[in-house]
Amino acid sequence: METYLYFRKFRPATFLSTQGSATNALNTITVATLCGTDDIDSVTEIASLIVTPADAGNSAIGSAYTHPGAGLPLTLSIANGAVKSVANGVITLNTSSEDSDSGYTLEDEDTILVTLQQGLETSFMYPVSSLTGIEATATGQTTLRFKSLKNNGTDDVVIIEHTDGKYENIVNGINAIVNGRNHGGIVTVIDGSGGNTVVSKELGGLGIDGLKYTPESGY
Amino acid sequence: MAENYLFFAENANNDQDKDAIMFPRSKFLGAVSTAVTTLEFFFNDRANAAANDDVSCTITSGLHSTVCDKFASLANGNRNNTNNFTVIKDLNDGLPSNEGPISATGISEISAMTITTS
């Protein structure tokens, strides 16, 4: 019997950005407080974008849209090019001139509701046999290393943020998961999705509030 | 302990390169989400080349944890003195009439797959 370790990054279910100025960059989905130290960097993590315009006077919207009126929601088309970029927790929309049909030029006080979903490297699973080591890498930070999925030369790295001084408790907990009799299949080690943190009982009470995943290369 | 063998097959015929593949469980390295409807399984490369082999599966939206759970259950399902041939998913629908896939069992949330080998 092999034990499989399942992880899912910290992510809020939704994020509401209220534009403080006429910029197409949404407010930052703060990595420290909302994303458990691992930024949102992929459009694949965005399930939907709903704009609620502050007023009805905005004509700089894509041809695929009909202005809904002030205070009414409009769903943007991600598939057709509403998003310009996603980097470091900042989603930037295309303006109507950058994408004539699905762009949307935001105005001051517009709000955008972002709904998140599973996307690129949001969740991952490793068999225990791929675990190569657990090291204390900083105060309140423990790093798990796994054999790389792609075999491109370096390990895959999983960083767990936790209460200071709890490294030994973390490794004890992982050891209990691996060698305990309670498991033998999949174990959800950490699941930070939907704004709720679920950790394996062996890691409970250790103040786990961050999970950063760095595979050796993207996909 | 007998080794468990994990079988994947794409739809249509299993008669060309990368139509189907089987890995021993011990060669499984891990899985990672790549989109809301995709989950990629990695295995040690059969040919011992630089890059590992992988099977990218199209799954029911957002059910990565469910698929991982079922995979773990199937991969761990081996027992001595039993057939350890384990169908993770067999989508082959191109066999002659009166024949079908090796097994209709497997992970129901997987609807398509792409096998990549080095």
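Only the coordinates and a few stated rules stand behind these numbers; no lab work does. Note that the structure is predicted; figures quoted are calculated from it, not measured. So basically every Cβ, Gly included, is an ideal-geometry build from the backbone, and we count neighbours across all protein chains shown.
Here are some notes:
- Computed from label points 7 Å out along Cα-Cβ, the spacing between residue A:201 and residue B:116 is 4.0 nm.
- Rough spin-label spacing in nm, given labels placed 7 Å along Cα→Cβ, for residue A:172 and residue B:2: 4.1
- Difference of contour (0.36 nm per residue) and Cα-Cα distance, residue A:97 to residue A:1: 28.8 nm
- Each residue of the range A:121-131 is assigned a 3J(HN,Hα), and the resulting list reads 6, 6, 9, 7, 9, 10, x, 4, 5, 8, 6 Hz, derived from the Karplus form 6.51 cos²θ - 1.76 cosθ + 1.60 (θ = phi - 60°), x at Gly and Pro.
- Sorting the Cα pairs of the range A:1-151 by distance into bins of 5 Å, from 0 upward, gives 2, 9, 16, 19, 15, 11, 8, 6, 6, 5, 3, 1, 0 percent per bin.
- Length gained on full extension, residue A:43 to residue A:21, computed as 0.36 nm times the residue gap minus the Cα-Cα distance: 5.6 nm.
- Excluding same-chain neighbours fewer than eight residues apart, the aspartates and glutamates reachable from residue B:70 by a Cα-Cα span under 17 Å are A:2, B:40, B:90, B:109.
- Here the calculated FRET efficiency for residue A:64 and residue A:30, from their Cβ-Cβ distance with R0 = 30 Å, stands at 0.45, rounded to the nearest 0.05.
- The range A:122-214 - Rg (one decimal) and Dmax (whole number), Cα, Å: 12.8, 36
- Tail beyond 27 Å, pair distance distribution of the protein assembly as shown (Cα, percent): 52
- By average C-beta atoms within 10 angstrom, highest first, the peptides A:21-33, A:201-213: A:201-213, A:21-33
- Sites residue A:154 and residue A:56 - FRET efficiency at Förster radius 51 Å, r taken between beta-carbons, to 0.05: 0.45
- Among A:1, B:22, A:125, B:113, a tally of other beta-carbon atoms within 10 Å of each Cβ gives an order, fewest to most, of A:1, B:22, B:113, A:125.
- Inter-chain Cβ neighbour average for residues A:33-45, partner chain, 10 Å: 1
- Spatially close Lys pairs in the range A:122-214, defined by Cα atoms under 19 Å apart and a spacing of eight or more places or different chains, total 4.
- Nonlocal amide H pairs with residue A:185, under 5 Å, H built at 1.01 Å: A:4
- The length gained by stretching the chain between residue A:115 and residue A:72 to full extension, at 0.36 nm per residue less their Cα-Cα distance, is 13.8 nm.
- Between residue B:47 and residue A:145, the simple spin-label model (points 7 angstrom out along Cα→Cβ) gives 2.9 nm.
- Helical runs (DSSP H, four residues minimum) scored at -39500 (n - 2.57) apiece and divided by the length of chain A put the mean residue ellipticity at 222 nm at -2000 deg cm²/dmol.
- Per-peptide packing, taken as the mean over residues of other Cβ atoms within 10 Å, places A:101-107, A:172-178, A:128-134 in the sequence A:101-107, A:172-178, A:128-134 from highest down.
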